[in-house]
Amino acid sequence: MNKINLKTAEEIELMRESGRLLASVFAMLDDFIAAGVSTMAINDKVDTFITGELSARPASKGQYDYPYVLNTSINEVVCHGMPDENRLLKAGDIINVDITLEKNGFIADSSKMYCIGDVEPRAMRLVKCTYEAMWQGIKQVKPGATLGDIGYAIQKHAESHGYSVVREYCGHGIGREMHEDPQVLHVGHQGRGLRLQPGMTFTIEPMVNEGTFKTKTKKDGWTVVTKDKKLSAQWEHTILVTDTGYEVLTLRAEEQSL
């Protein structure tokens with residue numbers, strides 16, 4: 001593992017601003033995402049909002065030659081779903097919208113699940129459990145805790161509800177670069193792995209599957225789906241390790257009381 005990039009007080013302020021702006025993107029989308037809207041329309045709406053309203057940059061566009069500003073992962077899609085003008089959201093869909101934003105040289109990364117119309121109870125349970133699992137991981141964050149503590153808490157919560165946690169994709173350090181050290185696994189053992197220090201910034205973004213944790217990548221080279229075609233859900237936040245615990249840099253308005 002390379003040297004961890006601990007952020008200065010000035011850098012943390014810039015990351016707070018990127019996180020605040022990214023939270024506002026989701027607030028804008030809350031009234032836009034609905035049945036009948038195409039995933040490409042979501043992409044275009046976010047592109048215009050980030051560049052025009054926020055004078056920022058959608059950091060995913062062009063990253064690793066990815067052509068769009070976000071990922072739209074629906075139902076059995078685990079992650080990296082590509083926007084498509086022909087894919088209209090329909091009642092019963094669950095969709096993860098994963099967005100990155102760069103402002104003043106620093107990047108924030110977050111994703112949110114949306115349930116479209118009347119969603120089956122089993123899908124709602126998966127979405128809810130995945131959200132809870134993310135927060136179980138976040139709440140482990142403090143100086144001296146380990147990355148294994150985060151993974152253990154997420155894995156324990158998901159598996160206690162009969163779900164599985166994806167292994168191939170994980171959280172990551174973030175700052176001036178989209179992907180920095182360390183890797184943040186969503187499974188693990190208490191007390192194992194890197195010890196957390198104030199100034200570390202990274203994402204926690206568990207992908208939780210209804211069935212097996214195994215995945216496969218479609219022929220487009222991006223879209224990752226569950227191997228058994230069962231549902232998958234994901235939530236994500238960018239986290240700062242503070243002197244006494246954690247701060248969620250991408251916290252949304254509806255989460256302020258958490």
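The values are calculated or read from the model by the stated rules, or taken from the named source; none is laboratory data. Because the structure is predicted, anything quoted here is derived from the model rather than measured. Heads up, the Cβs are rebuilt from the backbone with ideal geometry, glycines too, and the neighbour counts pull from every protein chain shown.
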May I ask you to verify whether LEU231 is more than 27 Å from ILE4 (Cβ to Cβ), touching a helix residue (DSSP H, G or I) at 6+ places or on another chain (Cβ under 6 Å), modelled with pLDDT of 95 or more and buried (at least 20 other Cβ atoms within 10 Å of the Cβ)? yes
Does the range 180-190 contain at least one residue that is part of a loop (DSSP other than H, G, I, E, B), buried (at least 20 other Cβ atoms within 10 Å of the Cβ), at pLDDT 95 or above and touching a strand residue (DSSP E or B) at 6+ places or on another chain (Cβ under 6 Å)? yes
Testing SER18 on (1) outside any helix (DSSP H, G or I); (2) touching an Asp or Glu at 6+ places or on another chain (Cβ under 7 Å), one condition comes back false. Which one is that? (1)
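Residue-wise test of (1) of a type outside the set (Gly, Ala, Ser); (2) assigned to a helix (DSSP H, G or I).
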site: MET82; (1), (2): yes, no
site: GLU132; (1), (2): yes, yes
site: ILE154; (1), (2): yes, yes
site: ALA158; (1), (2): no, yes
Of the residues in the range 142-179, those that are crowded, with 23+ Cβ neighbours inside 10 Å, touching a residue at least 60 places away in the same chain (Cβ under 8 Å) and farther than 21 Å from HIS80 by Cα come to none
Out of GLY62, GLY81, GLY92, GLY105, I need the residue that is touching a residue at least 60 places away in the same chain (Cβ under 8 Å) and at positive phi. Which one? GLY105
Whichever residue in the range 136-152 is within 12 Å of ARG195 (Cβ to Cβ) and among the aliphatic types (A, V, I, L, M) and, among such residues, is nearest to the chain's Cα centre (by Cα): ILE150
Please state which of the following conditions VAL224 fails to meet, knowing it meets all the rest: (1) more than 19 Å from the chain's Cα centre (by Cα); (2) farther than 17 Å from LEU126 by Cα. (1)
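Looking at this structure, is TYR64 surrounded by fewer than 19 Cβ atoms within 10 Å (Cβ to Cβ) and either among the aromatic types (Phe, Trp, Tyr) or in contact with a His (Cβ under 7 Å, 6 or more places away or on another chain) (or both)? First the steps, then the outcome.
Values: surrounded by fewer than 19 Cβ atoms within 10 Å (Cβ to Cβ): yes; either among the aromatic types (Phe, Trp, Tyr) or in contact with a His (Cβ under 7 Å, 6 or more places away or on another chain) (or both): yes.
The answer is yes for TYR64.
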Which condition number does VAL141 fail, the rest of (1) assigned to a loop (DSSP other than H, G, I, E, B); (2) closer than 26 Å to ALA41 by Cα; (3) in contact with a strand residue (DSSP E or B) (Cβ under 6 Å, 6 or more places away or on another chain) being met? (2)
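Among the residues in the range 84-92, are any within 23 Å of PHE213 (Cβ to Cβ) and surrounded by fewer than 19 Cβ atoms within 10 Å (Cβ to Cβ)?
Looking through the range 84-92, none of the residues is within 23 Å of PHE213 (Cβ to Cβ) and surrounded by fewer than 19 Cβ atoms within 10 Å (Cβ to Cβ).
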Looking only at residues that are crowded, with 23+ Cβ neighbours inside 10 Å and of a type outside the set (S, T, N, Q) in the range 201-212, which one is farthest from LEU251 (Cα to Cα)? VAL208
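Is it true that some residue in the range 71-82 is crowded, with 16+ Cβ neighbours inside 10 Å, over 19 Å from LYS218 (Cα atoms) and β-branched (Val, Ile, Thr)? Don't jump to the end; show me each part of the working.
Our first condition is that a residue be crowded, with 16+ Cβ neighbours inside 10 Å; within the range 71-82, this holds for 71-82.
Then drop every residue that is not over 19 Å from LYS218 (Cα atoms), which leaves none.
Looking through the range 71-82, none of the residues is crowded, with 16+ Cβ neighbours inside 10 Å, over 19 Å from LYS218 (Cα atoms) and β-branched (Val, Ile, Thr).
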Going through the range 110-130 in order, the residues found to be small (Gly, Ala, Ser) and assigned to a strand (DSSP E or B) are SER110, SER111
Within the bounds of the range 38-49, is there any residue that is more than 20 Å from GLN234 (Cα to Cα) and assigned to a loop (DSSP other than H, G, I, E, B)? no
So SER24 ticks every box in (1) touching a Pro at 6+ places or on another chain (Cβ under 8 Å); (2) in a helix (DSSP H, G or I); (3) touching a residue at least 12 places away in the same chain (Cβ under 8 Å) but one. Which box is left unticked? (1)
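For the range 2-47, how many residues are of a type in the set (Asp, Glu) and within 19 Å of the chain's Cα centre (by Cα)?
Within the range 2-47, residues that are of a type in the set (Asp, Glu) and within 19 Å of the chain's Cα centre (by Cα) number 3.
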